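See below for the structure under consideration.
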Protein chains: 2
Amino acid sequence: MYPTENETRLWVAINLSQRLIYRKMDAALKEKRLPPLRWYDVLWDLERAGEKGKRPFELEQSLLFEQSNLSRLLRRMTNESLLEERQFSRDRRGKILRVTEKGRVVRKNMWKIYGPLIHEYMSQIESESELKQSSASLNRLVDCSVIED
Amino acid sequence: MYPTENETRLWVAINLSQRLIYRKMDAALKEKRLPPLRWYDVLWDLERAGEKGKRPFELEQSLLFEQSNLSRLLRRMTNESLLEERQFSRDRRGKILRVTEKGRVVRKNMWKIYGPLIHEYMSQIESESELKQSSASLNRLVDCSVIED
DNA sequence: GAATAATAGATGAAAGTGCATCTATTCTGC
DNA sequence: GCAGAATAGATGCACTTTCATCTATTATTC
């Protein structure tokens with residue numbers, strides 16, 4: 001019922017590492033006058049979706065956004081011309097989002113900062129097998145949590 | 001310079017797992033009309049500090065709070081009588097925080113929800129060695145990041 | 001096929017957060 | 001011991017996030 005010592009330790013470590021590194025990355029982007037990290041996820045997800053684009057509720061699921069939160073974030077990004085939206089004809093409640101050329105440029109600029117930082121922090125774990133094992137473990141947590149909804 | 005595939009995967013996994021599980025836990029607490037998860041950290045940290053209590057800036061460091069953010073959180077918690085503050089005589093800029101009896105009760109009630117959830121999620125990783133290895137890896141990330149400040 | 005439920009997305013109000021700045025106090029170097 | 005730097009903590013402001021609710025549309029059920 002209650003967690004073991006090691007289970008608690010892992011949960012604490014997940015939180016600390018995420019919070020600490022995320023902050024530093026966000027701060028680094030802000031310093032370069034680039035948008036916050038969360039925008040990157042949206043841009044990248046849409047860029048990979050290509051011509052077809054994606055709908056807000058799809059982003060919401062894959063990126064774990066709160067609906068209202070995402071709604072406003074998307075508006076901000078659209079206002080900055082990083083995204084374009086068009087009405088989705090088959091369901092007139094919905095809309096389709098795609099990255100603009102400007103969005104692609106901004107994402108690339110963000111990656112110039114973000115990418116090296118990921119490397120800098122993650123390379124503290126040197127062995128490939130350890131990297132793989134750790135992410136496999138964490139992904140296991142995610143999978144189980146998603147399913148049980 | 002740029003991250004390897006596995007480095008990126010780990011970083012993504014850290015984010016997903018943290019965000020997803022944290023949310024679910026916070027939601028579970030809210031459903032039971034208990035305070036948010038972040039309050040737990042404060043209560044627990046102060047409870048372990050015992051009679052001596054702790055000062056806000058110490059909490060700030062160990063729990064990774066933004067100063068202004070923590071300042072207001074502490075006020076809220078004090079207003080709810082979960083904490084009590086007294087002036088720190090040796091440095092009149094500062095103050096000492098301690099948990100109240102009510103604070104201890106609330107923390108225990110939170111733990112009844114929080115504890116089993118930690119177990120539920122973390123127990124997806126069954127082997128003790130895997131648990132240990134994963135948290136050791138993540139802690140390595142944290143240590144390096146903290147030091148370089 | 002009309003009534004009801006479910007879904008996509010937007011939005012007002014409230015709470016939380018970060019940033020810059022402020023006050024009060026203590027520390028440092030001369 | 002005094003001027004200037006550093007530190008503890010609070011606070012105004014702007015922005016973000018959440019919660020609850022709303023509108024519009026589509027799905028379902030009888």
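At a glance:
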read-out	value
Nearest residue to the symmetry axis between A and B, taken on chain A by its Cβ, in whole Å	A:Q18, 2
Segment A:R104-A:R92, length gained on full extension (0.36 nm per residue, minus Cα span)	1.6 nm
Chain A - percent relative contact order, Cα under 8 Å, separation 6 or more	21 percent
Segment A:35-123: relative contact order in percent, alpha carbon pairs under 8 Å with at least 6 residues between	31 percent
Shielding by partners, peptide B:112-120 (average Cβ within 10 angstrom, other chains)	4
For segment B:114-128, 3J(HN,Hα) per residue [Karplus equation, 6.51 cos²θ - 1.76 cosθ + 1.60, θ = phi - 60°, Hz, x = Gly/Pro]	5, x, x, 6, 4, 4, 4, 6, 5, 6, 5, 9, 7, 6, 4
Calculated FRET efficiency for the pair A:R72/B:R38, C-beta based, R₀ 22 Å, to 0.05	0.45
Exposure proxy ranking, count of Cβ atoms within 10 Å, fewest first, for B:L73, B:L20	B:L20, B:L73
³J(HN,Hα), Karplus 6.51/-1.76/1.60, whole Hz, each residue of segment B:50-56, x for Gly, Pro	x, 4, 4, x, 8, 9, x
Cα-Cα over 19 Å, subset of B:K30/B:K108; A:K108/A:K132; B:K24/B:K112; A:K54/A:K95; B:K52/B:K112; A:K24/A:K102	A:K108/A:K132; B:K52/B:K112; A:K24/A:K102
Note, ³J(HN,Hα) from phi for segment B:66-74, Karplus 6.51, -1.76, 1.60, rounded to Hz, x at Gly and Pro	6, 4, 5, 4, 4, 3, 6, 4, 5
Helix-only CD estimate at 222 nm, as mean residue ellipticity for the protein assembly as shown, using -39500 (n - 2.57) per DSSP H run (n ≥ 4)	-23000 deg cm²/dmol
Amide N proximity, segment B:96-117 versus B:E58 label position 7 Å along Cα-to-Cβ, cut-off under 19 Å	B:96-101, B:103-104
Shielding by partners, peptide A:17-27 (average Cβ within 10 angstrom, other chains)	5
Residues with amide H under 5 Å from that of B:K95, placed H, sequence gap 5 or more	B:F88
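All of the numbers you see were taken from the coordinates with simple rules; none came from a lab. Being a predicted model, the structure only gives us computed values, none of them experimental. Virtual Cβ from ideal backbone geometry, glycine too; neighbours counted across all protein chains shown.
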